[in-house]
Amino acid sequence: MARGGGGEGHRARYLPGDPRPPEGGPTSRILAPLRAEGARAVAVAVASTVVVLGVLGWSITRSANWPAVRDAFFNGLEFRETFPEIARRFLRNVAYFMVAEPFILAFALLLAVMRSLPGPVFFPIRAMAIVYTDFFRGVPTVLVVYILGFGVPALGLAGVPRDPGFWGVVALVLSYSAYVAEVYRAGIESVHPSQVAAARSLGLGRWPTLRYVVIPQAVRRVVPPLLNDFVALQKDTALVAFVVAAPEAFKMAQIQQAARFNFTPLLAAALMFLVITVPLTRTVDWLVARERRRREAGGGL
Amino acid sequence: MTADASGGAADGVALRLEGVRKSFGKLEVLKGIDLTVGEHEVICLIGASGSGKSTLLRCINLLEPVDAGRIFVHGEEITAPGVDVNRVRRRIGIVFQSFNLFPHMTVLRNITLAPIKALGLPKAEAEGRALALLERFGLADKKDEYPDRLSGGQQQRVAIVRALAMEPDIMLLDEVTSALDPELVAEVLSVIRELAEGGMTMLIATHEMAFARDIADRICFLDGGVILEEGPPERIFTEPREERTRRFLQRIIEAGRL
């Protein structure tokens with residue numbers, strides 16, 4: 001009885017025949033109003049966009065300093081000459097990401113589980129997880145990259161890798177695991193206690209309950225915020241540039257910029273990051289919108 | 001069971017409660033419950049919301065630790081320190097008001113999860129057992145559906161099957177029809193009736209008085225955390241001895257539920 005409140009939430013969620021909100025239809029918040037209002041709205045939007053961009057472009061290109069800015073940042077020749085090499089170097093950034101991400105996902109899940117263990121016996125485990133996440137969320141990632149990337153190889157310990165790039169990636173793993181652990185934890189806490197009760201009442205132990213009932217539901221719910229952290233990680237792979245000798249996209253752009261006295265290579269590097277992060281970000285938006293519609297429709301997962 | 005020899009198993013007692021007490025903070029929900037349930041006996045717990053029915057069932061399943069008192073299953077004390085709660089729970093099935101099916105698993109997987117992971121049954125055997133139960137309760141065609149594709153009545157029947165797949169000695173049913181639309185109640189009650197006819201020992205917390213009267217061997221009226229009155233359904237419903245029982249039943253009749 002005292003815990004009966006939990007039942008109500010599920011009732012609202014599961015019962016058929018509940019009034020359903022109108023379907024969300026279009027997923028884009030930018031384009032949705034247009035579709036709702038029809039052809040006239042589209043025409044107005046197109047005209048308005050052309051006018052705004054036209055005025056902006058005209059006033060920028062007419063300004064006295066535009067030729068200097070264009071040559072320094074948007075130089076077509078510089079771009080053609082440097083972009084291929086930067087794009088090739090960007091594969092390193094992708095590699096850092098691909099190596100770091102699986103470790104982050106696994107280590108962060110371990111941290112989140114450690115932090116969700118109940119009871120006084122597990123206090124030290126919980127405390128360790130909390131101290132860890134507090135520390136690495138509180139320290140700038142670039143600082144961790146510096147400390148590990150320069151510090152550990154300098155120790156010259158036997159059996160420990162000397163490659164600064166290795167330690168740069170380790171720093172990313174340590175730092176991002178703290179953030180991702182918090183995302184997982186939010187997911188774990190969002191699984192209703194009645195799910196745990198149902199699993200435990202069937203004689204499943206604490207670990208199988210976590211493994212088969214809680215974590216699968218938790219992870220499903222936090223996919224959008226996890227992808228957000230993916231986007232951030234892909235950008236922060238540029239931080240490894242501070243400690244490695246072999247240049248990745250950002251460092252290569254810096255080198256080219258210094259050699260050519262032109263900033264266009266940096267813009268080229270920025271473009272490479274956008275090629276990856278913008279589609280990822282749009283995917284996150286789409287997933288978030290879909291998740292919200294499902295929740296509002298009361299369809300469960 | 002190793003403890004069966006200690007008495008109780010042979011005397012036909014499935015479940016015995018002695019002075020069970022439970023508080024949540026300052027609120028004492030159970031104030032000393034004594035109850036003996038015979039094998040194959042069906043007992044209905046009735047009483048107002050907050051009288052302690054659900055808490056009592058959750059205590060028997062060890063989902064809530066008792067503050068005082070002892071609970072025996074077939075003579076073995078399950079409230080003793082050091083008892084393996086997972087082993088105890090495998091013998092006691094519980095079905096909740098809110099179904100609590102696992103939404104990310106198909107019906108079949110919902111049912112086979114615990115037999116495979118807790119009992120260690122081979123997958124084929126667990127599935128065979130699950131399919132036989134689904135067949136028996138008219139749910140065989142739903143085996144590959146996810147819970148949110150089922151009606152409330154179907155979900156609750158699956159939840160019952162999920163508990164039965166562990167082949168428990170005792171079933172605890174916690175207001176299993178309270179979250180259902182009225183037209184879906186009957187299908188769930190008929191499942192429970194079939195279990196009773198099959199000889200399942202059951203402890204049923206319910207607001208369905210007509211059903212309780214029909215199915216129960218004994219009715220226990222809970223009020224203020226104690227069993228205020230118990231007896232055969234005919235007597236409880238026609239000539240209750242306690243004033244509070246009378247008033248409770250009066251309210252039920254006025255609400256058109258009996």
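Does residue A:198 satisfy being surrounded by 19 or more Cβ atoms within 10 Å (Cβ to Cβ) and farther than 30 Å from residue A:272 by Cα? It is true that residue A:198 is surrounded by 19 or more Cβ atoms within 10 Å (Cβ to Cβ) and farther than 30 Å from residue A:272 by Cα. When residue B:51 is tested against the conditions (1) under 24 Å from residue B:212 (Cα atoms); (2) more than 13 Å from chain A (Cβ to nearest Cβ), the lone failure is (2). Summed over the range A:213-248, residues that are over 24 Å from the mean Cα position of the chain (by Cα) and open to solvent by 10 Å² or more (accessible area, probe 1.4 Å) total 2. Give the residues of the range A:181-195 that are open to solvent by 30 Å² or more (accessible area, probe 1.4 Å) and in contact (Cβ under 8 Å) with a residue 60 or more places away in the chain, sorted by residue number. Of everything in the range A:181-195, those that are open to solvent by 30 Å² or more (accessible area, probe 1.4 Å) and in contact (Cβ under 8 Å) with a residue 60 or more places away in the chain turn out to be A:182, A:185, A:189, A:192, A:193. Screening residue B:207 against (1) in a helix (DSSP H, G or I); (2) in contact with a helix residue (DSSP H, G or I) (Cβ under 9 Å, 6 or more places away or on another chain); (3) open to solvent by 10 Å² or more (accessible area, probe 1.4 Å) leaves a single unmet condition, (1). Residues in the range A:210-231 that are assigned to a helix (DSSP H, G or I) and within 14 Å of another protein chain (Cβ to nearest Cβ): 13 in all.
If I filter the range B:66-86 for residues that are of a type in the set (Asp, Glu), more than 9 Å from every other protein chain (Cβ to nearest Cβ) and part of a strand (DSSP E or B), do I get at least one hit? Checked the range B:66-86: at least one residue is of a type in the set (Asp, Glu), more than 9 Å from every other protein chain (Cβ to nearest Cβ) and part of a strand (DSSP E or B). In the range A:107-163, counting only helices (runs of 4 or more DSSP H) that sit wholly within it, the ones holding 1 or more residues that are farther than 27 Å from residue A:211 by Cα and open to solvent by less than 50 Å² (accessible area, probe 1.4 Å) span A:141-146, A:152-155. Of all the residues in the range B:124-152, those that are more than 14 Å from every other protein chain (Cβ to nearest Cβ) and either touching a Gly at 6+ places or on another chain (Cβ under 6 Å) or assigned to a loop (DSSP other than H, G, I, E, B) (or both) number 5.
Within the range B:168-194, the set of residues being over 18 Å from residue B:139 (Cα atoms) and among the charged types (D, E, K, R) comprises B:169, B:174, B:175, B:181.
Counting only residues that are within 27 Å of the chain's Cα centre (by Cα) and either open to solvent by 70 Å² or more (accessible area, probe 1.4 Å) or small (Gly, Ala, Ser) (or both), which one in the range A:249-267 is nearest to residue A:79 (Cα to Cα)? In this case the residue turns out to be A:253.
The set of residues in the range B:233-258 being part of a loop (DSSP other than H, G, I, E, B), at pLDDT 90 or above and open to solvent by less than 70 Å² (accessible area, probe 1.4 Å) consists of B:240 alone. Against the list (1) more than 17 Å from the chain's Cα centre (by Cα); (2) surrounded by fewer than 23 Cβ atoms within 10 Å (Cβ to Cβ), the condition residue B:72 fails is (1). Yes or no: residue A:103 open to solvent by 20 Å² or more (accessible area, probe 1.4 Å), closer than 19 Å to residue A:231 by Cα and touching a residue at least 60 places away in the same chain (Cβ under 8 Å)? Judged against the criteria, residue A:103 is a match. Restricting B:211, B:237 to those that are aromatic (Phe, Trp, Tyr), out of contact with any strand residue (DSSP E or B) (no Cβ under 7 Å at 6 or more places or on another chain) and under 22 Å from residue B:152 (Cα atoms) reduces the list to B:211. Does at least one position in the range A:288-295 carry a residue that is part of a helix (DSSP H, G or I), within 14 Å of another protein chain (Cβ to nearest Cβ) and surrounded by fewer than 15 Cβ atoms within 10 Å (Cβ to Cβ)? Looking for residues that are part of a helix (DSSP H, G or I), within 14 Å of another protein chain (Cβ to nearest Cβ) and surrounded by fewer than 15 Cβ atoms within 10 Å (Cβ to Cβ), one finds at least one in the range A:288-295, hence yes.
Here residue B:113 qualifies as out of contact with any Leu (no Cβ under 6 Å at 6 or more places or on another chain), at pLDDT 95 or above and either more than 8 Å from chain A (Cβ to nearest Cβ) or not in a loop (DSSP other than H, G, I, E, B) (or both).
Being within 26 Å of residue A:204 (Cα to Cα) and in contact (Cβ under 8 Å) with a residue 40 or more places away in the chain holds for only one residue in B:139, B:150, and it is B:150.
The values are calculated or read from the model by the stated rules, or taken from the named source; none is laboratory data. What you see is a predicted model; the values in this text were computed from it and never measured. Cβ: placed from backbone, ideal geometry, glycine included. Neighbour counts: every protein chain shown. Just the protein is used for accessible areas: all its heavy atoms, side chains included, with ligands, DNA and RNA removed. Shrake-Rupley method; radii C 1.70, N 1.55, O 1.52, S 1.80 Å.
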